[in-house]
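Here the structure is laid out as structure tokens; the discussion comes afterwards.
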Amino acid sequence: MSESHLANPTEAVSATIDPKYELARVIEARAVQGYRVESLSETRAVLVVKGRKRLFGLRSGLDQKTEVTINDEGRAVTRNL
């Protein structure tokens, strides 16, 4: 009779998300879209993207700011500032 010493595959696996990793993932995705980091902490970042130029380039658009925070569940929450 042989016993299997493998772990039970139905055991619950810890599904916690590292907040720093989640924030870095969001920042990296936004950087590809042209955003740059204005300020950064462990669970919060303010990202800025240049606004569209208006009036045939005579006036530049305003910067658009987005705040990314990590909530208690480890998920990224974004809002425009």
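Quick notes
- Residue that is farthest from I27 (Cα to Cα) [pool: residues in the range 37-62 that are at pLDDT below 85 and in contact with a strand residue (DSSP E or B) (Cβ under 7 Å, 6 or more places away or on another chain)]: G61
- Selection of the range 1-36 for residues being modelled with pLDDT under 90 and of a type in the set (D, E) yields E3, E11, D18.
The values are calculated or read from the model by the stated rules, or taken from the named source; none is laboratory data. Just so we're clear, the structure is a prediction, and the values are computed from it rather than from any experiment. With ideal geometry, Cβ positions are generated from the backbone for all residues, glycine too; neighbour counts draw on all protein chains shown.
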